[in-house]
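Engineer: Sharing a structure below in structure tokens format, with a few things to ask.
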Amino acid sequence: MTRWWEVEPVRFQCEKGCTTCCTKPGWVYFDKEDVKNAATFSDLSPGEFKKRYQLEPMDSDHWEMEVTENAPCPFLGTEGCTIHPVKPKQCRAFPFWEENLRTRKAWQKTGEHCPGIGEGPAWSPDLVRQNKDSIWP
Ligand code: SF4
Ligand code: SF4
């Protein structure tokens, strides 16, 4: 089945200085590689990292960290993501998440809180798919 984003232009360019997507309540997901990279970057062992940031196991290879209005992502600093070079794939792939790409309407709705949607150059279907599929390898 052809997806709408394979035939219509999908414009997106992250807005400098914006951190809105990091402040929305929800879950940040980490796979094994995300934990390893973020732990090394933070000078911690994977075990210490999971304990310190209260990552809850989902299965043997995936963890989740809850973000609420009262408890924002602990990696969000005044200048943006403090683990930016190694941030989890889920964060890197935003806004190209399946839930946002499901329909054109869902994409436009995501644009209500993501000012980068509709801006910048059009992304090729291959790049959109690559980002979308990078979340759960
Ligand atoms: S890890 Fe970084 S990019 Fe992901 S939600 Fe937290 S601050 Fe934002
Ligand atoms: S909400 Fe959109 S524009 Fe803002 S930081 Fe997130 S991806 Fe970038």
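Engineer: Which one of Phe30, Gln108, Ile135 has its Cα pushed farthest toward the positive end of the charge dipole of the chain, where Lys and Arg give +1 and Asp and Glu give -1 at the Cβ?
Structural biologist: Gln108
Engineer: If contacts are Cα pairs under 8 angstrom and at least 6 residues apart, what is the relative contact order of the chain in percent?
Structural biologist: Result for the chain is 38 percent.
Engineer: Sticking with this structure for a sec: Leaving out same-chain residues fewer than 8 places away, which lysines sit with a Cα under 25 Å from that of Lys36?
Structural biologist: Lys36 reaches Lys24, Lys50, Lys51, Lys87, Lys89, Lys132.
Engineer: Show me, for the stretch 124-133, the HN-Hα J-couplings you get by feeding each phi into the Karplus relation (A = 6.51, B = -1.76, C = 1.60, θ = phi - 60°), rounded to Hz, glycine and proline as x.
Structural biologist: In residue order, the calculated couplings are 6, x, 4, 5, 4, 4, 4, 5, 4, 7 Hz.
Engineer: Okay, moving on. Work out, step by step, the length gained on full extension between Trp4 and Arg92: first 0.36 nm times the residue separation, then minus their alpha carbon distance; give nm to one decimal.
Structural biologist: Here the answer is 29.5 nm.
Engineer: In debye, nearest 20, what is the charge dipole magnitude of the chain about its Cα centre with +1 on Lys and Arg Cβ and -1 on Asp and Glu Cβ, if you could check?
Structural biologist: Magnitude of the dipole: close to 260 debye.
Engineer: Straight distance only, please: which aspartates and glutamates reach the Cα of Lys109 with their own Cα at less than 15 Å, same-chain residues fewer than 8 apart left out?
Structural biologist: Cross-link targets: Glu98, Glu99, Glu119.
Engineer: Kindly provide the helix-only [θ] at 222 nm of the chain, computed as the sum of -39,500 (n - 2.57) over DSSP H runs of four or more divided by all residues, to the nearest 500 deg cm²/dmol?
Structural biologist: -8500 deg cm²/dmol
Engineer: Which residue fluctuates the most in the chain, going by a Gaussian network model with Cα springs under 10 Å, if the choices are Arg52, Arg11, Arg92?
Structural biologist: Greatest mean-square fluctuation among the candidates belongs to Arg52.
Engineer: 7 Å from Cα along Cα→Cβ at both Lys105 and Gln130: what's the point-to-point distance in nm?
Structural biologist: Going from the Lys105 label point to the Gln130 one covers 3.2 nm.
Engineer: Sticking with this structure for a sec: Go through His62, Pro121, Val86 and say which Cα lies farthest out towards the positive end of the charge dipole of the chain; charges sit on Cβ, +1 for Lys and Arg, -1 for Asp and Glu.
Structural biologist: It is Pro121.
Throughout, read-outs are computed from the coordinates displayed, never taken from laboratory work. None of these values were measured; they are calculated from a predicted model. Neighbour counts run over all protein chains shown; Cβ positions are idealised from the backbone, glycine included.
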